[in-house]
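Novice: Here it is: the structure, laid out below.
The values are calculated or read from the model by the stated rules, or taken from the named source; none is laboratory data. Quick caveat, the model's predicted, so the values are computed rather than measured. Here the Cβ positions follow ideal geometry from the backbone for every residue, glycine too, while neighbour counts run over all protein chains shown. Note: accessible area is taken over every heavy atom of the protein model, side chains too, but ligands, DNA and RNA are not part of it. Shrake-Rupley method; radii C 1.70, N 1.55, O 1.52, S 1.80 Å.
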Amino acid sequence: MNDTLCSSFSHPKLHFPSTHHDFPSLSRPRNLHIHFPSFSTKTITPLPPIPPKITQIPSISPPPSSPASSQSEFQEKMLYLESIGIDFFSLINDHPPIISASLADIKSTIDFMTSMDFSSAEFRRIVSMCPEILTSRTSDILPVFTFLLREAKVNGSDLKRVINRRPRLLVCAVKTRLRPTLYFLQSMGIAEVNKHTYLLSCSVEEKFIPRIQYFQKMGFSKKETTVMFRRFPQLFNCSIKENYEPKLNYFVVEMGRDLKELIKFPQYFSFSLNNRIKPRHQACVEKGVCFPLNVLLKTSEEQFRLRLDVCCNSSMPLLGSPLSRIEYHVGSM
C-alpha cells in the first residue's frame with residue numbers, strides 16, 4: 001500500500017461581498033398646517049410633524065469555517081481510503097467516528113494488516129463487516145493476535161481464516177471480552193475452543209447465559225444442558241426467538257418426540273425448519289416410519305429417499321442395523 005499520498009489541496013476562501021444599501025436622503029418633512037372647519041371660536045393648534053420611521057438593517061457576518069488543515073486532512077483521508085477501494089461516504093454512514101479518526105492511525109492499522117498478509121480484497125471485506133477496525137489502533141489489535149495464538153491455541157496457518165470468518169475479534173478487548181469468554185467455554189468442557197473462535201467475541205452475560213437458561217426452562221437439567229452445548233457449541237450462536245422456539249415447538253407438538261433425543265443430537269437446531277425438518281418428518285409420517293434424528297436430518301436427500309423406500313410399511317430398523325447407521329456419540333452425562 002502506498003503510504004505516501006502527496007496531494008495538496010487549495011481552498012478558495014469564501015468571499016462575502018460587502019453590501020451597500022443606498023437609501024435616499026431622508027429630509028425633514030415640512031410642517032403641515034391642518035385646517036379643520038371651525039365649530040367653535042377656539043383656535044386649533046396644528047399637529048407636530050411625524051418623524052420618519054427608519055428600519056434598522058442587522059449586520060451579517062460570514063459563517064465560521066473549518067481550519068484549512070482539517071479540511072485538507074479530511075480530503076486526504078477520503079482520497080486515501082478511496083484509493084484502496086473503500087467508499088468513504090458509505091463508511092461514514094456505517095461508522096461516523098471515522099470522521100475524527102487520525103489519518104496516521106488509519107494508515108498504521110492498514111500497514112499492520114498488510115504485514116499480516118491480508119490482501120486488499122480481504123481487508124475491504126473485513127472493513128465492510130467491521131468498520132470499527134479503521135478507528136482501532138495497532139496497539140489494540142496486536143494483543144488480539146497474540147491472544148489467539150498463545151491462549152486460544154489457534155495455529156498460525158489458521159489465523160487468517162479465523163479473522164476472515166469473524167473480523168469482530170479484532171476490535172474486542174482481550175481483558176474484558178476475549179479471555180473471560182475463553183474461560184467460560186473451557187469451563188463448559190469445550191476443550192478445542194480453537195475450532196470455535198467465532199464465539200470468543202460474544203458476551204457471556206448477554207448471549208451465552210440466556211441460551212443456557214432457556215433450555216433449563218424447557219425442562220432440561222443443568223447437566224443435560226451442559227452436555228448439549230459441549231457436543232454442539234454452535235448452539236450458542238443460534239437465536240432464541242428465530243431458532244430455538246419454533247424448532248422446539250415443532251419437535252414437541254408436531255413430531256411428538258422425546259426431549260432426550262435432543263441431548264443426543266443437538267445438531268437438530270442447525271437444520272432448516274421449513275426446508276429440511278418439516279418436509280422429511282411429513283414424508284416419514286406419510287410412509288408410516290420413524291427415523292432417529294441423525295438419520296432423519298443428516299443424510300443426503302438421495303440417501304433419505306432410499307431408506308424411506310426400503311422401510312416403507314415396515315417397522316423401524318434396529319439400532320444396530322447397517323440401515324440405521326446411528327451416529328450418536330453419547331458421552332458420560
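Novice: So the check is Cβ under 6 Å with 6+ separation or different chains; which pairs have a first residue in the range 63-78 that's closer than 18 Å to Leu91 by Cβ and a second one that's modelled with pLDDT of 85 or more and of a type outside the set (Phe, Trp, Tyr)?
Specialist: Short answer, once both residue conditions are applied: Glu73/Leu103; Lys77/Leu103.
Novice: Okay, moving on. Among the residues of the range 215-236, which ones are touching a residue at least 40 places away in the same chain (Cβ under 8 Å), assigned to a helix (DSSP H, G or I) and exposed (fewer than 15 other Cβ atoms within 10 Å of the Cβ)?
Specialist: Selection gives Lys223 alone.
Novice: Does Ser239 qualify as being surrounded by 14 or more Cβ atoms within 10 Å (Cβ to Cβ), under 19 Å from Lys207 (Cα atoms) and without any contact (Cβ under 8 Å) to a residue 40 or more places away in the chain?
Specialist: Against the criterion (surrounded by 14 or more Cβ atoms within 10 Å (Cβ to Cβ), under 19 Å from Lys207 (Cα atoms) and without any contact (Cβ under 8 Å) to a residue 40 or more places away in the chain), Ser239 does not qualify.
Novice: Within the bounds of the range 175-185, is there any residue that is at pLDDT 95 or above, open to solvent by less than 20 Å² (accessible area, probe 1.4 Å) and either among the hydroxyl-bearing types (Ser, Thr, Tyr) or in contact with a strand residue (DSSP E or B) (Cβ under 8 Å, 6 or more places away or on another chain) (or both)? Steps first, please.
Specialist: Applying the first criterion (at pLDDT 95 or above) to the range 175-185 yields 175-185.
Filter once more, so that each one left must be open to solvent by less than 20 Å² (accessible area, probe 1.4 Å): 178, 181-182, 185.
Filter once more, keeping what is either among the hydroxyl-bearing types (Ser, Thr, Tyr) or in contact with a strand residue (DSSP E or B) (Cβ under 8 Å, 6 or more places away or on another chain) (or both): 181.
Within the range 175-185, one or more residues are at pLDDT 95 or above, open to solvent by less than 20 Å² (accessible area, probe 1.4 Å) and either among the hydroxyl-bearing types (Ser, Thr, Tyr) or in contact with a strand residue (DSSP E or B) (Cβ under 8 Å, 6 or more places away or on another chain) (or both).
Novice: With the structure loaded, tell me whether Arg166 is charged (D, E, K, R) and surrounded by 17 or more Cβ atoms within 10 Å (Cβ to Cβ) or whether it fails that test.
Specialist: For Arg166, the condition - charged (D, E, K, R) and surrounded by 17 or more Cβ atoms within 10 Å (Cβ to Cβ) - is met.
Novice: Considering the range 92-118 alone, what residues qualify as being open to solvent by 50 Å² or more (accessible area, probe 1.4 Å), without any contact (Cβ under 8 Å) to a residue 40 or more places away in the chain and not charged (D, E, K, R)?
Specialist: Asn93, Pro96, Pro97, Ile99, Ser100, Ala104, Ser108, Ser115
Novice: Can I ask one more? Collect the residues in the range 79-91 that are in a helix (DSSP H, G or I) and open to solvent by less than 40 Å² (accessible area, probe 1.4 Å), keeping them in residue-number order.
Specialist: Tyr80, Leu81, Phe88, Leu91
Matching residues to (1) in a loop (DSSP other than H, G, I, E, B); (2) among the basic types (Lys, Arg):
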| position | (1), (2) |
| --- | --- |
| Val144 | no, no |
| Phe147 | no, no |
| Ala152 | yes, no |
| Ser157 | no, no |
| Lys160 | no, yes |
| Ile163 | no, no |
| Leu170 | no, no |
| Arg177 | no, yes |
| Leu182 | no, no |
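Novice: Between Asp111, Asp117, which is not polar (S, T, N, Q) and not in a helix (DSSP H, G or I)? Outline the logic, then answer.
Specialist: Numbers: Asp111 fails: not in a helix (DSSP H, G or I).
Sole residue among the options that is not polar (S, T, N, Q) and not in a helix (DSSP H, G or I): Asp117.
Novice: Which residue pairs have Cβ atoms under 6 Å apart, sit 6 or more places apart or on different chains, and have a first residue in the range 131-145 that is open to solvent by 60 Å² or more (accessible area, probe 1.4 Å) and a second that is part of a helix (DSSP H, G or I)?
Specialist: Final answer for the pair search is Arg137/Asp105.
Novice: Is it true that some residue in the range 193-201 is of a type outside the set (A, V, I, L, M, F, W, C), open to solvent by 40 Å² or more (accessible area, probe 1.4 Å) and over 21 Å from Leu170 (Cβ atoms)?
Specialist: no
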